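Since the structure comes first, as structure tokens, the remarks are kept for the end.
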Amino acid sequence: MNLIFFDDKYTEDLLPLTFYRPTALLRTGILTNADRWEKILGTSGSFMTSEYLQEKFPLKADAENIIINGRALPNKNLVNQILSLNPGECIMQNDVLIAACALQKHLEMDTAATALKDFKVLQIENVSLIRHGWDLFALNDEYIRYDFELLTRNRKSAPLSATNTVIGDGEIFVEDGVSAECAVFNTSSGPVYLGKNSTVMEGSVVRGPFALCEHSTLKMMSKIYGPTTIGPHCKVGGEVNNSVFLGYSNKAHDGFLGQAVIGEWCNLGADTNNSNLKNTYDIVKMWSYPEQRFIKTGLQFCGLIMGDHSKCGINTMFNTGTVVGVNANIFGAGYQKNLIPSFSWGGGSTPRSHYPLEKNLKVAEIVYQRRKIDFDPVEQRLMTAVYNICKENKNY
């Protein structure tokens, strides 16, 4: 089986989180959707995505391929249908292509409509799709539980130090290399997963469902309310509620973060806070890039979505339903606006200005070096491509 994840026409609805990645690499639960499908199907996959992303995320096609919508989340029925697909068959949910068994010639056709013209269509219902950025935290409870079962089935947890307190009759799973001392884990409302070589510093209090992914750290006296996921290589402290860190980002100090999604290579300064509930208790609206307007999320609790490489200074205040683009450097007194454009500098009481590409490239090189990762020419060309896309679109 050759596995390929494809992006469809709704990818733009997931901006700013899909500027730097295919949709299948979004994280909800413990895993990215690509990791989840690869674990289920027992094979690695590649990506059919935007041209500017293809260099970093190359497509590897074979004579026969299973292609899966990167936004489609697995359930038992969908997995069974995918495993039983024959060449020339596709699975649709209404007008959305979920998966197909496609020959290489189909992948080379100009449009999906042309490629699927003669396919046998199998309709399916009740497939969860990631439609908007806020779905990542809204679906996090369900998929932490799903991934916990997927990752820990028929496995034995490493021991948890006796200095910790575990409350409730739920499950806790500790991977190898975990350091956790003098913390409190409450499993009454969901499982707790501690990834490889992760660290929970003393005094931290965690309520499940919760996932701390590999090489991530909870700082001292952290207060974490589930369902929350802290992706790999993150440092998080303060108070966090129902949020998702995609990876390689820091919120190392006090401050509240709730109903939020934080992209990669972000940094939240000390005492950064976001509002997650309007004073009027109304349904929260957030910015839609394709519609170029604020749309209703259907959620009463909805805080912040921050794109990759964005950073904010100490005491930053984000209003309810704020969208921060990519590569924004945010500082200034007072509440920030609900839409902060990509590659912008300043904010609040400080006039916002342009954040040049050259300066972003220099900062990224330093940030990557701190993680012992090379900010190589592929990464440089990717950031340049994203910059040019945002430059052409005023509110990007």
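Just give me the residues in the range 279-321 being within 23 Å of K394 (Cα to Cα) and either in contact with a His (Cβ under 6 Å, 6 or more places away or on another chain) or among the charged types (D, E, K, R) (or both), in sequence order.
K285, E291, R293, K296, D308, K311
Condition check: assigned to a loop (DSSP other than H, G, I, E, B) and among the acidic types (D, E). Does D141 satisfy that?
The answer is no for D141.
For the range 345-390: of the residues being of a type in the set (K, R) and under 24 Å from the mean Cα position of the chain (by Cα), which is nearest to H233 (Cα to Cα)? Reasoning before the result, please.
Initial filter on the range 345-390 (of a type in the set (K, R)): 352, 359, 362, 370-372, 381.
Narrowing the set further to residues that are under 24 Å from the mean Cα position of the chain (by Cα) leaves 370-372, 381.
On the way: R370: 12, R371: 9, K372: 12, R381: 23 Å.
Ranking the candidates gives R371 first.
Here is a list: I305, I224, I283. Which entry is in a strand (DSSP E or B) and without any contact (Cβ under 8 Å) to a residue 60 or more places away in the chain?
Working: I305 fails: without any contact (Cβ under 8 Å) to a residue 60 or more places away in the chain; I283 fails: in a strand (DSSP E or B).
Every option except I224 fails the conditions.
Considering only residues of the range 134-147 that are in contact with a Ser or Thr (Cβ under 9 Å, 6 or more places away or on another chain) and not charged (D, E, K, R), which is farthest from T297 (Cα to Cα)?
I144
Tell me, which residue of the range 363-379 that is modelled with pLDDT of 95 or more and part of a loop (DSSP other than H, G, I, E, B) is surrounded by the most Cβ atoms within 10 Å (Cβ to Cβ)?
Top of the filtered list is F375.
Table: residues versus (1) in contact with a Gly (Cβ under 9 Å, 6 or more places away or on another chain); (2) in a loop (DSSP other than H, G, I, E, B).
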site: A24; (1), (2): yes, no
site: A34; (1), (2): yes, no
site: F47; (1), (2): yes, no
site: K60; (1), (2): yes, yes
site: L85; (1), (2): no, yes
site: C90; (1), (2): no, no
site: A102; (1), (2): yes, no
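Being among the polar types (S, T, N, Q) and outside any loop (DSSP other than H, G, I, E, B) is the filter here, so list the residues in the range 206-221 that pass it.
Correct list: T217 only.
Just to check your reading of the model, which residue among T229, T272, T280 is in contact with a helix residue (DSSP H, G or I) (Cβ under 9 Å, 6 or more places away or on another chain) and at pLDDT 95 or above?
Just a single option satisfies the conditions, and that option is T229.
Quick check on the range 107-116. Is at least one of its residues crowded, with 18+ Cβ neighbours inside 10 Å, more than 22 Å from the chain's Cα centre (by Cα), part of a loop (DSSP other than H, G, I, E, B) and not charged (D, E, K, R)?
yes
In the range 320-362, which residues are aliphatic (A, V, I, L, M) and surrounded by fewer than 18 Cβ atoms within 10 Å (Cβ to Cβ)? Don't jump to the end; show me each part of the working.
Initially, the range 320-362 is screened for residues aliphatic (A, V, I, L, M), giving 323-324, 326, 328, 330, 333, 339-340, 357, 361.
Within the range 320-362, A333, L339, L361 qualify.
The values are calculated or read from the model by the stated rules, or taken from the named source; none is laboratory data. Values in this document were obtained by computation on a predicted structure and should not be read as measured data. Note that each Cβ is placed from the backbone with ideal geometry, even for glycine, and that neighbours are counted across all protein chains shown.
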